[in-house]
1. What number of residues within the range 309-340 are small (Gly, Ala, Ser) and either in contact with an Asp or Glu (Cβ under 9 Å, 6 or more places away or on another chain) or surrounded by fewer than 24 Cβ atoms within 10 Å (Cβ to Cβ) (or both)?
2. In the range 1-42, which residues are in a loop (DSSP other than H, G, I, E, B), under 18 Å from Thr147 (Cβ atoms) and either in contact with a strand residue (DSSP E or B) (Cβ under 9 Å, 6 or more places away or on another chain) or without any contact (Cβ under 8 Å) to a residue 40 or more places away in the chain (or both)?
3. So how many residues does the range 276-291 have that are in contact (Cβ under 8 Å) with a residue 40 or more places away in the chain and assigned to a helix (DSSP H, G or I)?
4. Applying the selection to the range 143-170, what residues are under 20 Å from Leu227 (Cβ atoms) and away from the ligand (no atom under 13 Å from the Cβ)?
5. Could you say whether any residue in the range 314-335 is within 28 Å of Gln420 (Cα to Cα) and among the β-branched types (Val, Ile, Thr)?
6. Hey, among Pro140, Pro101, which residue is more than 16 Å from the ligand (Cβ to nearest atom) and in a loop (DSSP other than H, G, I, E, B)?
7. Of everything in the range 207-246, what is in a strand (DSSP E or B) and either away from the ligand (no atom under 16 Å from the Cβ) or free of Cβ contacts under 8 Å to residues at least 60 places away in the same chain (or both)? Give them in sequence order.
8. All but one of (1) on the phi > 0 side of the Ramachandran plot; (2) more than 16 Å from the ligand (Cβ to nearest atom) hold for Phe127, so report the exception by its number.
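Bear in mind these aren't lab numbers, they're just calculated from the coordinates by the rules spelled out. All of these numbers come straight from a predicted model, not from anything done at the bench. Glycine gets a Cβ as well: all are built from the backbone with ideal geometry, and neighbour counts include every protein chain shown.
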Amino acid sequence: MKLQNITISRLQKLLLNRKISPQEITQALLARIREKNSRVNAYLTVAEDEAPAQAGVADKRLGKGDGACPLTGIPLAIKDNICIKGVRMTCASKILEHYVPPYNATVIERLSDQGYVLLGKTNMDEFAMGSSTENSGFAPTRNPWDTRCVPGGSSGGSAAAVAAGMCAAALGSDTGGSIRQPAAFCGVVGLKPTYGLVSRYGLVAFASSLDQIGPITRDVRDAAILLSAIAGHDPRDSTSAPKQPPDYLSKLGQSINGLRLGLPKEYFAEGLDPEVAASLEAAREVFSRLGVQFQEVSLPHTDYSIAAYYLIAPAEASSNLARYDGVRYGHRTSKPKNLLQMYYDSREEGFGAEVKRRIMLGTYALSAGYYDAYYLKAQKVRTLIKRDFDLAFTEVDALLTPTAPSPAFRLGEKVTDPLQMYLSDIYTNSVNLAGLPAISVPCGFTANGLPVGLQLIGPAFGEDRLLTIAYAYERETDWHTRRPNL
Ligand code: GLN
């Protein structure tokens, strides 16, 4: 097996047995990045200096034996909206082009405690607003399976880096689908944890009631390993759940015979690409062979989820992005006439078109006179959407759906039509509105060789169940072992 395609679990064994050193794997991946990043543009910043230094530290820990943790010496890519002390973080926005965080996000502290190796920061849609990574303020990322296509978004850089063999695994963030949809488009595994499971301290806020950090990996076991490292209560994030996460690895391999999976009928309706539908149908047969029982369920408020999401997310974004004022963070216009003009011009020059659109939509939805009609109404719809799921989970153990309505689309195809772009989130954003966990797993390819993903949605804090189901499926298939020819 080529080192570039190695999973965390394999790499752990090789590192512990001293068959390979952290320096070797780090150098192999840095070389791969140097060779391929110009085609894919997955990384905005490559940690050329930090990575070898951290690999050296990891090597010492592994040498001592007792100091080694599951992620010691494992090279990872981190989405560029997660703070790492001393490493530039842009959120793919011109407004933060030269920003260097003075502290680590909690997830980074946890990875560092284990001795991970940082390979770099990955490209994304500006402030995580988008579904294709074309909204990056710098340049879009390309899909490693077909560089004419988008990798999905907003964590497109992270998903592309995993698919292209430019890291062992990555972290992304998911507000309305941004881990799962790019994972599906790039043929890798993406897990969006339950709201409150993973600390957001040090994650740049987009929509605070929806954002979660999660793993993007080559297989389900790796998702369990990475989730174990980052999950758990953090007093620095007031929305973090004061719960001890279960052992995500111990249940992998358990039988799923007799389990009940729900098929939400609204997710298999008009607008679903026929090749995606066929892959889902084939996946269903695999699950049936494993003894899973299927049942049709209804999530009747699905039709309203895009509208509710695109009111709530921009409303929260408009408030969160008020902090970029040219005074405290990032870009400041060069020759402002006065203070007010300084604010105007700094924001005008620093933010891209989609971010401005969201700030305007969000400010409008929150403004006096419109708040009740839009924002408050959307919050009520959100409650109904959550109730749909609660009801479904009284009948079934988890839900099976497509992750996205289509495979990866072409660059430029939707970028001028925001509504079409927003519709790419149709199967993912209800999960965020309801605060639930969901995982996307590779489940096939189109005739043109583009990956297709299936999504499993579980009840709150049901990550262990989702991982067990996904792992059982993955063991019966080989979709996750395929690699693009870059
Ligand atoms: N595509 C969605 C949006 O544009 C979701 C983004 C995300 O999950 N960060 O808001």
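1. Summing the residues that are small (Gly, Ala, Ser) and either in contact with an Asp or Glu (Cβ under 9 Å, 6 or more places away or on another chain) or surrounded by fewer than 24 Cβ atoms within 10 Å (Cβ to Cβ) (or both) in the range 309-340 gives 6.
2. Within the range 1-42, Ala42 is the sole residue that qualifies.
3. Result for the range 276-291: 11.
4. The answer is Ala161, Val162, Ala163, Cys167, Ala168, Ala169, Ala170.
5. No - not one qualifying residue is present in the range 314-335.
6. Criteria check complete, one pass: Pro101.
7. Gly214, Pro215, Thr217, Ala231
8. (2)
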